[in-house]
Amino acid sequence: MIKALVDTNVLLDYLAGREPFYASARKLMVFANMGDYELWMSSSQVADLFYLLSGGRRSKQMAVKKAIMELRDIVNVCSIGVEEVDRALESPWSDFEDALVHQVAMSFGARCIITRNQADFTMSAIPTFDCTEFFEWIEEKERIHFEEVVL
């Protein structure tokens, strides 16, 4: 089973319905929910999502909690340990958050990172793809075609 770490920007696209990226993020979630591959995020990304989606407003917190709980039915969460933190701190990456995402992906054996900001991961030891490139890569690798049926 292919495991992929999903960067926070793609998760936000999906949860917030951000156009023009929502459709590709939704497709990613639909096929993950069907069990074609595993999507992962780190525990720190959950905190980031909560903060970014609620904007610190109490009035939005319940809806954001519900959305993240529903996301958890599709995306697995992995913990960040001292090893990942230390490796990210010791890395030459200029952005600590991206270094940490990369270290988490490496720690659980992700085959790739799915992001819209591939430039942030130029030092990655594993491939990075946007959603469209991910489907092209997995279709080639697994010889299956992903197409949504519109009802």
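The values are calculated or read from the model by the stated rules, or taken from the named source; none is laboratory data. All values reported here derive from a predicted model rather than from experimental measurement. Cβ atoms come from the backbone with ideal geometry, glycine included; neighbour counts cover every protein chain shown.
Here's a check for you: in the range 107-128, which residue that is assigned to a helix (DSSP H, G or I) and touching a Ser or Thr at 6+ places or on another chain (Cβ under 9 Å) is surrounded by the fewest Cβ atoms within 10 Å (Cβ to Cβ)?
Of the residues in the range 107-128, the ones assigned to a helix (DSSP H, G or I) are 107, 118-121.
Those left that are additionally touching a Ser or Thr at 6+ places or on another chain (Cβ under 9 Å): 118, 120-121.
On the way: GLN118: 16, ASP120: 21, PHE121: 23.
Across the range 107-128, the extreme among qualifying residues is GLN118.
Could you check how many residues of the range 1-18 are farther than 12 Å from CYS131 by Cβ and not charged (D, E, K, R)?
Matching residues across the range 1-18 total 8.
Is one or more of the residues making up the range 57-67 under 30 Å from GLU142 (Cα atoms), out of contact with any Gly (no Cβ under 7 Å at 6 or more places or on another chain) and at pLDDT 95 or above?
Scanning the range 57-67 turns up no residue that is under 30 Å from GLU142 (Cα atoms), out of contact with any Gly (no Cβ under 7 Å at 6 or more places or on another chain) and at pLDDT 95 or above.
Taking the range 44-71, which residues are over 24 Å from VAL30 (Cβ atoms) and either touching a strand residue (DSSP E or B) at 6+ places or on another chain (Cβ under 9 Å) or not in a helix (DSSP H, G or I) (or both)?
Listed by number, the residues that qualify are GLY55, GLY56, ARG57.
Which residues, counting only those in the range 34-45, are surrounded by fewer than 18 Cβ atoms within 10 Å (Cβ to Cβ), of a type outside the set (Ser, Thr, Tyr) and touching a residue at least 24 places away in the same chain (Cβ under 8 Å)?
ASP36, GLU38
For the condition modelled with pLDDT of 95 or more and farther than 22 Å from TRP137 by Cα, what is the one hit in GLU84, GLU97?
Result: GLU84 is the single residue among GLU84, GLU97 that is modelled with pLDDT of 95 or more and farther than 22 Å from TRP137 by Cα.
From the residues in the range 46-84 that are more than 22 Å from HIS102 (Cβ to Cβ) and touching a Phe, Trp or Tyr at 6+ places or on another chain (Cβ under 7 Å), which one is surrounded by the most Cβ atoms within 10 Å (Cβ to Cβ)?
Here the answer is ILE68.
So, in the range 112-143, how many residues would count as being closer than 15 Å to LYS27 by Cα and in contact with a helix residue (DSSP H, G or I) (Cβ under 8 Å, 6 or more places away or on another chain)?
Summing the residues that are closer than 15 Å to LYS27 by Cα and in contact with a helix residue (DSSP H, G or I) (Cβ under 8 Å, 6 or more places away or on another chain) in the range 112-143 gives 9.
Listed residues PHE31, PHE21; which is modelled with pLDDT of 95 or more and either within 15 Å of CYS131 (Cα to Cα) or surrounded by 14 or more Cβ atoms within 10 Å (Cβ to Cβ) (or both)?
Every option except PHE21 fails the conditions.
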